[in-house]
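*Asks:* I'd like to ask you about the structure that follows.
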Amino acid sequence: VPNELVYIIIPTYNEKESLPLLIEEILSVCKKARINEKILIIDDNSPDGTGEIARALQKKYASIYTYNRKSKKGLGSAYRFGFSKALQENAAFIFEIDADLSHNPRSIPRFLRAMQENDLVLGSRYIPHASVKNWNTVRQCISRAGIYYARKVLDIPFTDLTTGFRCIRASKLRTIDLASIQTEGYGFQIELVHLFHQKNLRIAEIPITFIERRSGKSKFSKQIAFEAFKKVIELRKNI
Ligand SMILES: Nc1nc2c(ncn2[C@@H]2O[C@H](COP(=O)(O)OP(=O)(O)O)[C@@H](O)[C@H]2O)c(=O)[nH]1
Ligand SMILES: [Mg+2]
């Protein structure tokens, strides 16, 4: 929809190689599709200098804004921060996208089309026409097992509850108490889907091609997986 503000939130921690490429790609897609975008980079004082790169990009392009936080506070906290900015500025749609080039910005217009009839659109790695590339079997099994567990326990009929590529209708996000979400990793992504599902909001999945990063390092950790595991049980108790 022309003129509606589309907010694209990118949390970064040590992503100096991929960030400039990602930004160029997003800008070119938005220009072509006539999307009125605002890109928010939230960097947690990355030791590799991603923050300086982000500030340089902000100087170069009018639609880019950078927030530098003092220390690594986690993905969930970066998104909560980004969401509140987007709501303050009356965004219509809010995207989550990883900075490591795992998510292809060319899918953005497809998300927006699906948003016409939905409140949350998940970019799924696990439905027909989707694919996962460059991910070892162990990582893929952990991801699938974790999602299967959350699906069963929370009774949510979607295939990719932890995906970091998604689009959210801002007016519906407003009805959710963001401060009540305290998770930082995958648990955050699962919890957000769960809250939308509990409110009977419209959720859909579209297939994406996920390509595991070629530069930089994953911040996946046992701690993040365990946090999500505990959170799912806690959410179940409150249904
Ligand atoms: N600001 C911020 N970004 C983070 C943090 N942890 C991860 N990220 C970013 O979140 C995205 C996904 O992280 P990644 O390590 O690729 O997770 P994976 O894809 O599950 O292996 C990337 O853009 C990271 O740079 C954090 O603590 N703070
Ligand atoms: Mg990644």
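The values are calculated or read from the model by the stated rules, or taken from the named source; none is laboratory data. What you see is a predicted model; the values in this text were computed from it and never measured. Cβ: placed from backbone, ideal geometry, glycine included. Neighbour counts: every protein chain shown.
*Asks:* Quick check on the range 29-45: of everything there that is more than 19 Å from the chain's Cα centre (by Cα) and in a loop (DSSP other than H, G, I, E, B), which residue is nearest to G185 (Cα to Cα)?
*Replies:* N45
*Asks:* Here is a check on your reading of the model: is G74 at positive phi and exposed (fewer than 15 other Cβ atoms within 10 Å of the Cβ)? Steps first, answer last, please.
*Replies:* Values: at positive phi: yes; exposed (fewer than 15 other Cβ atoms within 10 Å of the Cβ): no.
Taking the combined requirement at face value, the residue does not satisfy it.
*Asks:* Please go through the range 56-89 and give me each residue that is more than 20 Å from the chain's Cα centre (by Cα) and under 17 Å from I26 (Cα atoms), ordered by number.
*Replies:* A56, L57, Q58, K59, K60, Y61, A62
*Asks:* Restricting the search to the range 177-223, which residues are surrounded by 20 or more Cβ atoms within 10 Å (Cβ to Cβ) and within 10 Å of ligand 1 (Cβ to nearest atom)?
*Replies:* E184, G185, Y186, Q189, F210, G216
*Asks:* Only residues that are farther than 27 Å from A179 by Cβ and among the hydroxyl-bearing types (S, T, Y): list them for the range 83-107, please.
*Replies:* Answer for the range 83-107, where residues must be farther than 27 Å from A179 by Cβ and among the hydroxyl-bearing types (S, T, Y): S102, S107.
*Asks:* Now for a separate question. Need at least 1 residues that are within 16 Å of ligand 2 (Cβ to nearest atom) and closer than 22 Å to T137 by Cβ per element, so show me which strands (runs of 3 or more DSSP E) inside the range 164-220 make the cut, counting only ones lying wholly within it.
*Replies:* In the range 164-220, the matching strands (runs of 3 or more DSSP E) lie at 209-211.
*Asks:* Taking the residues in the range 221-230 that are hydrophobic (A, V, I, L, M, F, W, C) and in contact (Cβ under 8 Å) with a residue 12 or more places away in the chain as candidates, determine which candidate is nearest to ligand 2 (Cβ to nearest atom).
*Replies:* Per the stated criteria, the residue is I224.
*Asks:* Let me ask you something else. Check A145, A114 and return the single one that is modelled with pLDDT of 95 or more, among the small types (G, A, S), within 18 Å of the chain's Cα centre (by Cα) and in a helix (DSSP H, G or I).
*Replies:* Testing whether each residue is modelled with pLDDT of 95 or more, among the small types (G, A, S), within 18 Å of the chain's Cα centre (by Cα) and in a helix (DSSP H, G or I) leaves just A114.
*Asks:* Please indicate, with yes or no, whether at least one residue in the range 42-54 is among the hydroxyl-bearing types (S, T, Y), closer than 21 Å to T163 by Cβ, within 16 Å of ligand 2 (Cβ to nearest atom) and crowded, with 20+ Cβ neighbours inside 10 Å.
*Replies:* no
*Asks:* Could you please tell me which pairs satisfy a Cβ distance under 8 Å, a separation of 6+ or placement on different chains, a first residue in the range 62-84 that is closer than 19 Å to E37 by Cα, and a second residue that is polar (S, T, N, Q) and modelled with pLDDT of 95 or more?
*Replies:* I64/Q58; Y65/Q58; T66/Q58
*Asks:* Among D100, D119, which is farther than 27 Å from L21 by Cβ, touching a helix residue (DSSP H, G or I) at 6+ places or on another chain (Cβ under 9 Å) and charged (D, E, K, R)?
*Replies:* D119
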